[in-house]
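The block underneath contains the structure these notes are about, expressed in structure tokens.
The values are calculated or read from the model by the stated rules, or taken from the named source; none is laboratory data. Quantities reported herein were computed from a predicted structural model and do not represent experimental measurements. Neighbour counts are summed over all protein chains in view; Cβ atoms, including those assigned to glycine, are modelled from backbone coordinates with ideal geometry.
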Amino acid sequence: MLQKKIFFLELLMIGLITSIVLTNPIIVISTETTELETLETVEIRDYEGKDLSSIDDFFENSIKGPQYIDAENYTLTFWGLVNNELQLTYDEAVNNYQHFQKVITLYCVEGWSVTLLWEGILVKDLLADAGVDPSSTTVIFYAYDGYSTSLPLDYIIDNNIMIAYKMNNVTLPPERGYPFELVAESKWGYKWIKWIVAIELSDNADYRGYWENRGFSNDANLIQTPVDPEVPGVPPEINMPPAIPEFPSWIIFPLFATATVLALIGRKRLSQKKLH
């Protein structure tokens, strides 16, 4: 009787583990937000039980190589459809706004990814001080090297998108986008613009940035291919992976049934060996 109870308990555990694995094949991002206290400037490699990539796990793929910006002469400018053309120094941006942190995975179209703890400021908090014109629909970001990209204003506000000044508790090195990198969660890596120097509010929903003008989708959603078939040309030397697939739910029951049958066969053979 005891053996039967143990046997059925084993079957239940197999089914439970199979269901968990199949319905959650990849944990992509965590979007929990927390206000920070002062932290030591040492790179961390795990956060709340999550393993983090290293800040050295990136591949250099910027359009003009790393940019080196002097913080003392830096200004972050807000212009376009705003009520005030706001200009902030690096210290003003970092010290005058609430800080947040998120563990998010950046997926590059070249096929690599990094999962890091990002620390920064919400773009919507900055825009609130600039004053958003009601006709604005699009936020355009400009980088020190001439790169640009855009995202819908609703996406920026609804998803609490931030510009980061730290990764894994370390101030962004020049190679990683100092002073600020956009943390465009749920978007392909070419939306994660580095070395941000200006942010424009616009009513041009069709604005296309550097790579978007060279064949990449303006939406850049991870669940879709990054290639835009309506734009001629493909960025050179880019290995574009397929979009992140969704696991087909119809296969869960057949796999569970197979696992159960295998468990029964294994149990039967084990019992026969004990009898002999």
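A few notes on this one:
- Verdict on Ile156 being in a strand (DSSP E or B) and either touching a residue at least 24 places away in the same chain (Cβ under 8 Å) or not aromatic (Phe, Trp, Tyr) (or both): no
- Any chance Leu182 is within 23 Å of Ala71 (Cα to Cα) and in the same structural domain as Ser54 (by TED's automatic domain parsing): yes
- Any hit, the range 52-62, residues being touching a residue at least 12 places away in the same chain (Cβ under 8 Å), more than 21 Å from the chain's Cα centre (by Cα) and farther than 20 Å from Ser148 by Cα: no
- Residue match in the range 94-115 (condition: among the charged types (D, E, K, R), out of contact with any His (no Cβ under 6 Å at 6 or more places or on another chain) and closer than 27 Å to Val42 by Cα): yes
- Long-range neighbours under 8 Å by Cβ, at least six apart or interchain, first residue within 17 Å of Phe78 (Cβ to Cβ) and of a type in the set (Ser, Thr, Tyr) within the range 88-108, second part of a helix (DSSP H, G or I) and at pLDDT 95 or above: Tyr97/Asp125; Tyr97/Leu126
- Qualifying residue in the range 102-120 (condition: under 21 Å from Glu48 (Cα atoms), part of a loop (DSSP other than H, G, I, E, B) and assigned by TED's automatic domain parsing to the domain that holds Gly65): no
- Against the test of being over 22 Å from the mean Cα position of the chain (by Cα), assigned by TED's automatic domain parsing to the domain that holds Arg45 and touching a residue at least 12 places away in the same chain (Cβ under 8 Å), the options Tyr74, Tyr142 yield a single qualifying residue, Tyr74.
- Scanning the range 125-142 for residues that are among the aliphatic types (A, V, I, L, M) and more than 18 Å from Asn160 (Cβ to Cβ) returns a single hit, Ile140.
- The range 113-139, residues that are of a type outside the set (Val, Ile, Thr), more than 24 Å from Asn168 (Cβ to Cβ) and touching a residue at least 40 places away in the same chain (Cβ under 8 Å): Leu127, Asp129, Ala130, Gly131, Asp133, Ser135, Ser136
- Test: residue in the range 90-99 that is within 30 Å of Val227 (Cα to Cα) and in a loop (DSSP other than H, G, I, E, B): no
- Scope the range 167-187; condition surrounded by fewer than 23 Cβ atoms within 10 Å (Cβ to Cβ) and in a strand (DSSP E or B); matching residues: Val170, Thr171
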